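What follows is a short report on a single structure.
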Amino acid sequence: MTGTESAPGRVVADDDARGPLSGRYRWLSIGMFSLIFIAAFEALAVTTVMPTVARDLDGEGLYALAFAVPLAAGIVGMVVTGNWTDRAGPIPSLVTAAGLFVVGLVIAGTATDMGVFILGRFVHGVSGAAVIVPLYVIVARVYPERLRARVFAGFAAAWVIPSIIGPAAAGAIVQVVSWHWVFLGVIALVLPAAAMMLPPLLRVRTQVQGDPDVPWSLGRVGWAVLVAAAALGVSLAKELDGAWPWVVAAIAIAVAAVAARPLMPPGTLRSARGMPATVLQKLVVAGAFFGAEIYLPYLLQDRYGFSPALAGAVLTGAGLSWAGASWLQGRLGDRLSNTQAVVIGSATLAGALVAVLLVAVFGWSPWIAFAAWTVAGGAMGLMYPRFNVEVLALSARSEQGFNSAALTMAESLGAAVALAITALVSSTVGAGVFAADFAVTAAIALVAVLLAPRVRPPAAAPAGAVSAGDGAAR
């Protein structure tokens with residue numbers, strides 16, 4: 001071990017300077033990165049194998065529901081885990097979430113009809129989202145502030161790498177064995193990841209313990225269920241006829257906004273400076289990026305005749321630039337403030353999406369879209385770790401779980417709403433009219449540009465609450 005202990009579970013000097021893979025951080029970091037990698041691989045693998053699953057289980061009519069259910073269930077999982085983590089610390093909620101994840105894999109992997117498979121997807125949704133919240137809290141309570149951006153860069157890389165290898169690996173498993181093993185095989189990866197994390201976590205259990213005085217909040221669970229139902233309604237509105245899709249979507253979005261208000265820091269929906277604006281900003285940029293992502297390969301195949309493999313490479317380019325920018329912001333540390341990262345990233349994302357829109361409108365070279373989307377991935381990689389760092393830096397210890405859940409829920413809600421709106425636009429103007437879809441996402445990105453400066457905490461923020469990196473920005 002490098003470094004010395006100055007307090008139980010606290011490593012100083014050498015380990016803090018060398019990084020999250022040094023000394024007593026090593027196995028905890030590798031275990032956390034592994035859990036993120038597994039969750040990301042499973043999510044991407046499902047997208048690849050779902051057509052095969054639907055045909056095999058005679059469930060084509062439930063295809064959309066198989067994607068919408070875990071997204072909605074995840075919102076409930078985040079809220080429950082956030083409250084539990086604040087009360088009991090991250091260890092009980094993390095172990096339970098990982099166990100439920102394995103249960104979901106078993107249910108989905110052994111399903112013989114689509115209803116049972118969707119039940120497995122429901123458990124996936126709850127547990128996969130629930131895993132993220134305690135991991136964020138562990139970062140806040142175990143790692144020094146100077147390393148947090150680098151840890152979150154590792155999270156980003158662990159999420160992005162499966163986007164490069166996951167679809168091909170899942171397809172190979174389906175061809176060589178069976179789609180069932182896309183789920184069952186992952187179980188063999190979850191157990192070693194958990195085994196890596198538990199010993200170092202138990203050594204610092206007093207450091208990560210929760211506050212039993214934090215009350216259980218059944219009311220928040222009720223609001224979360226309502227948000228989940230509204231998100232499900234937005235996702236499925238496009239299945240209706242006539243003008244009803246827009247009516248139902250508008251009502252569902254309004255309900256989701258009202259129900260989400262008690263689940264987010266006060267002032268989030270009005271973009272109050274500091275942490276509330278940070279949570280809202282993640283919602284907006286997630287909507288812009290993920291709302292556009294699903295249409296770009298479609299554009300390249302439909303209009304430019306790209307093969308599926310070549311069209312999919314545009315996503316690989318964005319994944320690589322996301323990972324690279326995440327690494328860069330981690331190395332920059334305090335030299336790049338959280339606010340500066342978000343402002344630069346939001347402006348870069350908007351410019352990239354406008355470029356994609358122009359390609360769709362004027363029929364410019366598809367390689368311009370390819371380059372623009374690679375830039376968009378870099379913009380997200382620059383911003384995303386700093387959202388987490390900023391929220392944790394501004395959170396009281398007893399609210400780290402709640403605020404981490406809010407930040408994660410914001411991403412899911414922003415992506416769900418943007419995907420639903422672009423789907424409605426497609427159904428209204430006709431499939432293949434890509435300019436309308438990219439116009440929506442570019443407009444969302446421009447909103448992000450306007451809101452980005454509000455991420456900077458107000459001057460009246462409590463001393464010590466603001467991350468060190470923002471000193472240069474104020």
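Couple of notes before you dig in:
- Note on the range 256-269: residues that are part of a loop (DSSP other than H, G, I, E, B) and either within 18 Å of Ser346 (Cβ to Cβ) or among the aliphatic types (A, V, I, L, M) (or both) total 3.
- Those residues of the range 249-275 which are closer than 27 Å to Lys238 by Cβ and of a type in the set (Lys, Arg), in sequence order: Arg261
- The listed residues are Val208, Val248, Val227, Val176, and the only one of them that is over 20 Å from Ser22 (Cβ atoms) and touching a residue at least 24 places away in the same chain (Cβ under 8 Å) turns out to be Val227.
- So Ala170, is it small (Gly, Ala, Ser) and more than 19 Å from Ala98 (Cβ to Cβ): yes
- Some residue of the range 177-190 being touching a Ser or Thr at 6+ places or on another chain (Cβ under 8 Å), open to solvent by less than 40 Å² (accessible area, probe 1.4 Å) and more than 14 Å from Ala39 (Cα to Cα): yes
- Applying a threshold of 7 Å to beta carbon distances and a minimum spacing of six or more residues, or different chains, the list of pairs starting in the range 351-366 at a residue that is under 16 Å from Gly291 (Cβ atoms) and in a helix (DSSP H, G or I) and ending at one that is at pLDDT below 95 and among the polar types (S, T, N, Q) reads Leu353/Thr441.
- Sole exception among (1) within 19 Å of the chain's Cα centre (by Cα); (2) modelled with pLDDT under 85; (3) of a type outside the set (Val, Ile, Thr) for Arg10, by number: (1)
- Scoring Thr348 on the criteria (1) β-branched (Val, Ile, Thr); (2) more than 16 Å from Ala369 (Cβ to Cβ); (3) surrounded by fewer than 23 Cβ atoms within 10 Å (Cβ to Cβ) leaves a single failure, condition (2).
- For Gly330, the conditions (1) within 23 Å of the chain's Cα centre (by Cα); (2) within 21 Å of Ala277 (Cβ to Cβ); (3) modelled with pLDDT under 95 all hold with the exception of (2).
- Of all the numbered requirements in (1) open to solvent by 30 Å² or more (accessible area, probe 1.4 Å); (2) in a helix (DSSP H, G or I); (3) modelled with pLDDT of 75 or more, Ile36 misses one, and that requirement is (1).
- Complete set of residues in the range 22-71 that are over 23 Å from the mean Cα position of the chain (by Cα) and aliphatic (A, V, I, L, M): Val53, Ala54, Leu57, Leu62
- Single match in Ala379, Ala405 (criterion: in a helix (DSSP H, G or I), at pLDDT 95 or above and open to solvent by less than 20 Å² (accessible area, probe 1.4 Å)): Ala379
The values are calculated or read from the model by the stated rules, or taken from the named source; none is laboratory data. Computed from a predicted model, the values in this text were never measured in an experiment. Methodologically, a virtual Cβ is constructed for each residue, glycine included, from the backbone with ideal geometry; neighbour enumeration extends over all protein chains shown. All accessible areas refer to the heavy atoms of the entire protein, side chains included, with ligands and DNA or RNA removed. Shrake-Rupley method; radii C 1.70, N 1.55, O 1.52, S 1.80 Å.
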